[in-house]
């Protein structure tokens, strides 16, 4: 197949860092490369010459349009592609291009631009559509001194038509280090203001100025500029939808909530499938406590799906990000099965979506969905990044789920040393109580490849020694652990009943997790019994760990409840109420009804919020069921899930 009849036209200055990546991406896709250099002082020209580019030296006159149009004058192919040096085409092919170039009545194509934002390349992004591929026609020229565009000159042609082509261009110039390096914010503002001095009523330049303030987080200034444009910008301009989104969001962030809601409402009527707008509107409604309305707009966005081909968009809008938000709203409405389905859908869209896993895992565990959780992990295991696995592994250990742990330990993305350590923990946990040996972990201390995991291994050796009641070994491993975790000494004194040395909260949390993960129940109860007077609260621990506690032997849970009841009640903060809800959930799991005195119930109602009220209603229902077991319907909400909701408020 012949090379497509396309000239690549670019303007550059000091772009050696990016140019090779850009030009490599179009190898074999263009017949000619024209580069207008506006004064490079690095080796940009040498890089361009290696790709056979024709270089034209032109002066920089603070006018992108003028520079671009000069480059167009040198193009000899039938079609022109325009790229910036910090862009690259995304896996285009001759097979995709040739039919587009042969479309007789098309003069240009809108192409999706994926603008990566933030600090991490190819993570979060926003999208828009720009006409970058068009016929080489002297009448087709760029206009506008900044954010220059070519579409208006095509539309002025007789029967001039621009179609959409799903040929993605990746743009790295909005990454934070690039914005700082090129001082793009100040440069853009200067160019826009220069243009407005010449044409103060130019609608696109006013929009560009508002958008620039918006990008810089100057929402008050953005709102003042964009709000009048809602009534003065003609609908066919192509950027009206973005004006509605940016105006409403800017109004919201500068405290003008009522005006923001009005703009959102009008915009959602005009653009009912603009998912970013619908999602942002839902967030405002959520902030106002209008949960059902927020859910409605999120469901509308999900029905629309990915509309990035139609509107400016951001990563995950209408798909995984909206599913996550919908799940969180459903949880606030106590619609836990719906929430689970939204989180699961988010992961199906984006298997390595850590935030969705963080919601789905505890919800699955506390609602009895371990089997579904294991299946989902199995299906997506090899798509998970180290960041996601670093959440899932502790969650599986905290949940004391050996099957889930075994599944995760096979992930090839994990360092071999971590896989081996996990398998050793599993082996010890599966040993019969009368034949327990710590050899599988001990031998790892003599393997140089496990040096980076030494503190991890020592922590488990200490906890397992506590489990089997080997105080001598526990002390030996604790001494080895001290250089890595000095505060573990205070835990040792606490377990021995010595209250003089206060334990730090982080050390209490660390010890509680290790003791629960290893099933060192007696030591865990001693830690709870002797931590009176500290700020340690079980309900602040990771929710998978609370599930592990709820799955403890019944005798252990009953002792835990006895310790809770023996402590002086304190219901002064929402966290205190959440602690009571944990106690209630553990009591129910033992088949008991929690103890609650009248004055304590009043305190819970006073400081506990909506979830406490629902939990108390559940408590009353259980009391009634004790007296009238045949006449009271069973509760539809589990105490464990109410505990989850309480810990999130």
Inset, instruction - Could you pull out the residue among 554, 518 that is on the phi < 0 side of the Ramachandran plot, modelled with pLDDT of 95 or more and either touching a helix residue (DSSP H, G or I) at 6+ places or on another chain (Cβ under 9 Å) or in the same structural domain as residue 579 (by TED's automatic domain parsing) (or both)? - result: 554
Inset, instruction - Consider only pairs whose beta carbons are under 9 Å apart and that are at least six residues apart or on different chains; among these, list those whose first residue lies in the range 439-458 and is in contact (Cβ under 8 Å) with a residue 40 or more places away in the chain and whose second residue is in a helix (DSSP H, G or I). - result: none
Legend entry - Residues of the range 480-498 satisfying the condition of being surrounded by 14 or more Cβ atoms within 10 Å (Cβ to Cβ) and either over 42 Å from the mean Cα position of the chain (by Cα) or assigned to a helix (DSSP H, G or I) (or both): 480, 481, 488, 489, 490, 491, 492, 493, 494, 495
Inset, instruction - Could you tell me whether any residue of the range 144-152 is in a loop (DSSP other than H, G, I, E, B), modelled with pLDDT under 85, under 19 Å from residue 9 (Cβ atoms) and over 35 Å from the mean Cα position of the chain (by Cα)? - result: yes
Legend entry - Some residue of the range 263-272 being within 21 Å of the chain's Cα centre (by Cα) and either at pLDDT 95 or above or buried (at least 19 other Cβ atoms within 10 Å of the Cβ) (or both): no
Inset, instruction - Please indicate, with yes or no, whether at least one residue in the range 292-305 is assigned to a loop (DSSP other than H, G, I, E, B), touching a residue at least 12 places away in the same chain (Cβ under 8 Å) and not assigned by TED's automatic domain parsing to the domain that holds residue 585. - result: yes
Inset, instruction - Sort out which residues of the range 55-76 are in contact with a helix residue (DSSP H, G or I) (Cβ under 8 Å, 6 or more places away or on another chain) and under 26 Å from residue 4 (Cα atoms), and write them in order of number. - result: 55, 56
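Identify all residues within the range 154-170 that are touching a residue at least 40 places away in the same chain (Cβ under 8 Å) and in a loop (DSSP other than H, G, I, E, B); write none if there are none. Show your work before the answer.
As a first pass, look at the range 154-170 and keep what is touching a residue at least 40 places away in the same chain (Cβ under 8 Å): 154, 157, 159-170.
Answer for the range 154-170, where residues must be touching a residue at least 40 places away in the same chain (Cβ under 8 Å) and in a loop (DSSP other than H, G, I, E, B): 157, 159, 160, 161, 165, 166, 167, 168.
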Legend entry - Residue that is nearest to the chain's Cα centre (by Cα) [pool: residues in the range 68-101 that are assigned to a loop (DSSP other than H, G, I, E, B) and farther than 20 Å from residue 15 by Cβ]: 91
Inset, instruction - For the range 374-426, enumerate the residues that are under 19 Å from the mean Cα position of the chain (by Cα) and outside any helix (DSSP H, G or I). - result: 384, 385
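The values are calculated or read from the model by the stated rules, or taken from the named source; none is laboratory data. Bear in mind the structure is a predicted one, so any value in this text is a computation, not a measurement. As a convention, Cβ positions derive from the backbone with ideal geometry for all residues, glycine included, and neighbour counts pool all protein chains shown.
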